[in-house]
2 protein chains.
Amino acid sequence: MIIVPVDELTELGVKIFTAQGATEDQARFLVDTLVEANLTGHDSHGIHYYAKYSERINNGFIKIDQKPVIVKETASSALIDGNWTFGQITAKKLTEVAVEKAKKSMVAGVGAFNCNHIGRLGYYTEMAAKENIITTMYANVGNPSVSVHNGLGKTFGTNPYSASVPTGSDTPFLVDYASSVVAHGKISVARAKHTKIPKHWTRDMYGRVTDDPNDIYDGGWLLPFGEYKGYGLQMISELLGAVLTGSRTGLPHIREPPAPNGVFMLAVNPEGFIGLDAFKEKTAQLLSDVKKLTPVSGERILIPGEPEKETKAQRLRDGIEIPEDTWGEIMKLCNRLGIETGVTQK
Amino acid sequence: MIIVPVDELTELGVKIFTAQGATEDQARFLVDTLVEANLTGHDSHGIHYYAKYSERINNGFIKIDQKPVIVKETASSALIDGNWTFGQITAKKLTEVAVEKAKKSMVAGVGAFNCNHIGRLGYYTEMAAKENIITTMYANVGNPSVSVHNGLGKTFGTNPYSASVPTGSDTPFLVDYASSVVAHGKISVARAKHTKIPKHWTRDMYGRVTDDPNDIYDGGWLLPFGEYKGYGLQMISELLGAVLTGSRTGLPHIREPPAPNGVFMLAVNPEGFIGLDAFKEKTAQLLSDVKKLTPVSGERILIPGEPEKETKAQRLRDGIEIPEDTWGEIMKLCNRLGIETGVTQK
């Protein structure tokens, strides 16, 4: 395991993407979303994408010179054509438009299509919460890796869901998770670290129980969480993220471009309802009351978003751990691009 | 077990509530939501409320002579004061306003407070889908029965979530479930039927594993589904359903009026995005493709909403089964109100 200071990892990322034609602004935003994923403990959505996105740029799937454009609009809705630029740039635009419209119209919905992989949804719902707007966000992932409830084989992507609200206190409120038991990237991380995985995460190619992270690369699949309840969320993310926005659905199975996201965000301004000040005050009170509850023996009660906050504080201090395989791929990439890494390994 | 034809059960309900001062229209809508719950297999939300709501009318918690009123409004948002009439009447108004605003503004959000128990959320999201509007709906339940993740004791209600979309085919799409492993009413039904319950549904007053449905009436509690993932939905329904609308939250624990709902609905018009015809066509295709997938041995692949549709067809034909205890309470009520039941028991 390599440990790299956060600032150096960020500057390296900016170098990598500007060397391939991204503007400084594009690169800095993109890299911030990836480094933030590592900081908050979601390594599966982190800087291992430095190499993956570079490959997609090379293959023409990510079109750096394109920009997301609104193609349909009302005072409380918008549909964005991402034009296959970085998914993060499209998701940033989607969030900004949703927040702006919700500020004026109280409620807004914005969708995006022709959108590459946007990374961690929580990055965007948290962006909106900092602007005092409540959001829920749905995305489908165009590459199938998860079965439907009672289904054999991969049907849909990990189809994540996120929601965040302004809390009026230091306690965050951020829900952000895959509708599978785990995100696909968590299997990649286990594979890179050569560790086993829990038996309720995946099935092998024959539908058998397994704890080997390699099986999913050999015809196996992820399971939806909470049986039919997670299956419901999986389908909602497919219908709102993909069908409603005109994005590619998981079915029929098309492989390219890899892992695109159909994205839909609903944004709500508390001023249209109880009012912003009252919402923040009552939310802060509720979260504080929950924190004071008695936990079961040996456990802690955490508000959704608190584990991320704690991990971030620790990693900002200690740096980010990167598996040797991932680091090797990034070094190979830097070599190809002629980049001096300038990174201090701890 | 008593089996009663659907029409007779409906007419009996209308008699019961008009005898207590409800208008014919109010009573017929209210009773339709309850009978529909039984028809679709959700007995926990069904006609056992004939007796419970009558008790709440008697105690002054349900105010039959009141009407829901919009107290705050924009082109795409509304906040409704339910004035403690039947929750169903308030939820009907909320749905109608959300649909109307979404038709004009593409996206809308409507909340309600001072709202009695509204019953099954799926009734309202399905109402909107029939009007070609996509909805997601959040409700908190003001009486605590579910622990938070890792928490000891009851903190929040079963805080349900529902979503529905127009499908453009006979296959419905309806997600509707509690953020607990099961709805509280499912325990009541097991208790009335004197059957055991699965061990992952509840804990007893000491936090111990149990299969006795009585334990929850003696200090026990329900668990959120899918561990921290269901806990996230539980909190979202509390924040959107209760905090945003100014309704009573589960914390602090106040007992009266019993089981009020804070309700929030988001409504989306496909015309603001891919367009209605395309949305319905692509949704029908997707659901048909999912139906054709191979199931695991001995299971079936069902679209969310299909189990309800199948149960409804069977119960419309065969009548609704009612536990003796529930029927006894309704007969006692009819006796008190001087109502001739006119019901044919099968």
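Below are the figures for this structure:
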quantity	calculated
Out of A:109, A:119, A:60, sole residue that is in contact with a Leu (Cβ under 8 Å, 6 or more places away or on another chain), on the phi > 0 side of the Ramachandran plot and not in a helix (DSSP H, G or I)	A:119
Extreme residue, nearest to residue B:99 (Cα to Cα), among residues of the stretch B:270-329 that are in contact with a Leu (Cβ under 8 Å, 6 or more places away or on another chain), within 11 Å of another protein chain (Cβ to nearest Cβ) and of a type outside the set (A, V, I, L, M, F, W, C)	B:270
Residue in the stretch B:21-35 that is in contact (Cβ under 8 Å) with a residue 12 or more places away in the chain, not in a helix (DSSP H, G or I) and not assigned by TED's automatic domain parsing to the domain that holds residue B:115 present	yes
Tabulated pairs, the stretch B:249-268, first of a type in the set (D, E, K, R), second at pLDDT 95 or above and surrounded by fewer than 24 Cβ atoms within 10 Å (Cβ to Cβ), C-beta under 8 angstrom, 6+ apart or interchain	B:256/B:61
Qualifying positions in the stretch B:131-152 - more than 12 Å from residue B:241 (Cβ to Cβ), polar (S, T, N, Q), in contact with a Gly (Cβ under 7 Å, 6 or more places away or on another chain) and buried (at least 24 other Cβ atoms within 10 Å of the Cβ)	B:147
Count of the stretch B:119-151 residues which are more than 24 Å from residue B:35 (Cα to Cα) and either without any contact (Cβ under 8 Å) to a residue 24 or more places away in the chain or acidic (Asp, Glu) (or both)	2
Residues (touching a strand residue (DSSP E or B) at 6+ places or on another chain (Cβ under 9 Å) and either in a loop (DSSP other than H, G, I, E, B) or not assigned by TED's automatic domain parsing to the domain that holds residue A:75 (or both)) located in the stretch A:247-274	A:247, A:248, A:249, A:250, A:251, A:259, A:260, A:269, A:273, A:274
Criterion (within 14 Å of chain A (Cβ to nearest Cβ), more than 20 Å from residue B:239 (Cα to Cα) and among the hydrophobic types (A, V, I, L, M, F, W, C)) met by exactly one of B:70, B:80, B:47, B:62	B:70
Matching residues in the stretch B:100-127 - criterion: being closer than 23 Å to residue A:76 by Cβ, surrounded by 24 or more Cβ atoms within 10 Å (Cβ to Cβ) and aliphatic (A, V, I, L, M)	B:102, B:106, B:107, B:108, B:110, B:112
Of the criteria (1) polar (S, T, N, Q); (2) surrounded by fewer than 24 Cβ atoms within 10 Å (Cβ to Cβ); (3) touching a Phe, Trp or Tyr at 6+ places or on another chain (Cβ under 8 Å), which one residue B:247 fails	(2)
Enumeration of residues in the stretch B:156-170 that are free of Cβ contacts under 8 Å to residues at least 12 places away in the same chain and β-branched (Val, Ile, Thr)	none
Subset tally (residues that are at pLDDT 95 or above and in contact with a Phe, Trp or Tyr (Cβ under 9 Å, 6 or more places away or on another chain)) for the stretch B:161-176	9
Qualifying residue in the stretch B:244-263 (condition: touching a Ser or Thr at 6+ places or on another chain (Cβ under 6 Å) and of a type in the set (A, V, I, L, M, F, W, C))	no
Complete set of residues in the stretch B:126-158 that are among the hydrophobic types (A, V, I, L, M, F, W, C) and closer than 21 Å to residue B:227 by Cα	B:139, B:141, B:146, B:148, B:152, B:156
Some residue of the stretch B:281-303 being at pLDDT 95 or above, part of a loop (DSSP other than H, G, I, E, B) and at positive phi	no
Residue within the stretch A:186-197 that is outside the structural domain of residue A:286 (by TED's automatic domain parsing) and in contact with a strand residue (DSSP E or B) (Cβ under 9 Å, 6 or more places away or on another chain) present	yes
Residue match in the stretch B:315-336 (condition: more than 27 Å from the chain's Cα centre (by Cα) and β-branched (Val, Ile, Thr))	no
Enumeration of residues in the stretch B:249-280 that are among the charged types (D, E, K, R) and modelled with pLDDT of 95 or more	B:271, B:277, B:280
Cβ pairs under 6 Å, 6+ apart, first in the stretch B:310-337 and more than 30 Å from residue B:171 (Cβ to Cβ), second not in a helix (DSSP H, G or I)	B:326/B:48; B:327/B:2; B:334/B:341; B:337/B:19
Residue, farthest from residue A:306 (Cα to Cα), within the stretch A:108-118, restricted to residues that are out of contact with any Phe, Trp or Tyr (no Cβ under 7 Å at 6 or more places or on another chain) and away from chain B (no Cβ under 11 Å)	A:115
Boolean, residue B:278 is outside any loop (DSSP other than H, G, I, E, B), surrounded by 14 or more Cβ atoms within 10 Å (Cβ to Cβ), more than 25 Å from the chain's Cα centre (by Cα) and of a type in the set (Gly, Ala, Ser)	yes
Residue ID - surrounded by the fewest Cβ atoms within 10 Å (Cβ to Cβ), chosen from residues in the stretch B:250-269 that are within 7 Å of chain A (Cβ to nearest Cβ) and under 16 Å from residue B:129 (Cβ atoms)	B:266
Boolean, residue A:124 is within 28 Å of residue A:330 (Cα to Cα) and either modelled with pLDDT under 95 or outside the structural domain of residue A:266 (by TED's automatic domain parsing) (or both)	no
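For (1) more than 20 Å from the chain's Cα centre (by Cα); (2) surrounded by fewer than 18 Cβ atoms within 10 Å (Cβ to Cβ); (3) at pLDDT below 95, each residue gets a yes or a no:
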| residue | (1), (2), (3) |
| --- | --- |
| B:12 | yes, no, no |
| B:28 | no, yes, no |
| B:39 | no, no, no |
| B:61 | no, yes, no |
| B:89 | no, no, no |
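The values are calculated or read from the model by the stated rules, or taken from the named source; none is laboratory data. Predicted model only: the values in this text are computed from it and were never measured. Cβ sites come from the backbone with ideal geometry, for glycine too, and all protein chains shown count toward neighbours.
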